[in-house]
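Q: Can you keep this structure in mind? I'll have questions shortly.
Values in this text are rule-based calculations from the coordinates and carry no lab data. For clarity, every value in this text was computed on a predicted model and none was experimentally measured. All Cβ positions, glycine included, derive from the backbone under ideal geometry; neighbour counts span all protein chains shown.
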């Protein structure tokens, strides 16, 4: 898994880097070795409509052979934004995984049914 980190109006400290690596490592069970995770962290101070939620985290997951998944969240702390964005991306990955399983099972059932009908005729 390839991880790329970018910051906007925010200096990434070693504590935040280690915290982020822990959270991204949790995505490893959903992603293959050739997946790429792009993380963008920063401050949204110029946007008053968010109130106290001035930090943001954005995750973009790119895997060969599947569509790009994106998650962005704002929070009062950078750690909260990272957690919320990671939870959303995990939800999207689980949904995509179950969709693939479902379509594979339906295709297998259709093949089995066709073979069974062929034997009977």
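Q: Run the helix sum for the chain: -39,500 (n - 2.57) per DSSP H stretch of 4+ residues, divided by residue count, reported at 222 nm to the nearest 500 deg cm²/dmol.
A: Value at 222 nm, helices only, nearest 500: -16500 deg cm²/dmol.
Q: Fewest Cβ neighbours within 10 Å first, please rank 55, 30 accordingly.
A: So the residues, fewest neighbours to most, are 30, 55.
Q: What ratio of Cα Rg to 2.2 N^0.38 Å holds for the chain?
A: Normalised Rg, Cα atoms only: 1.46.
Q: Taking Cα pairs under 8 Å and at least six residues apart, what relative contact order does the stretch 2-120 come out at, in percent?
A: 21 percent
Q: Would you mind getting me the FRET efficiency between residue 38 and residue 103? Use the beta-carbon distance for r and R0 = 25 Å, nearest 0.05.
A: That gives a FRET efficiency of 0.40.
Q: Between residue 62 and residue 76, what is the spin-label point distance in nm, taking each point 7 Å from the Cα along the Cα→C-beta axis?
A: The answer from the label model is 3.6 nm.
Q: Which percentage, to the nearest 5, of the DSSP beta bridges contained in the chain is antiparallel?
A: Once the DSSP bridges in the chain are tallied, antiparallel ones form about 70 percent.
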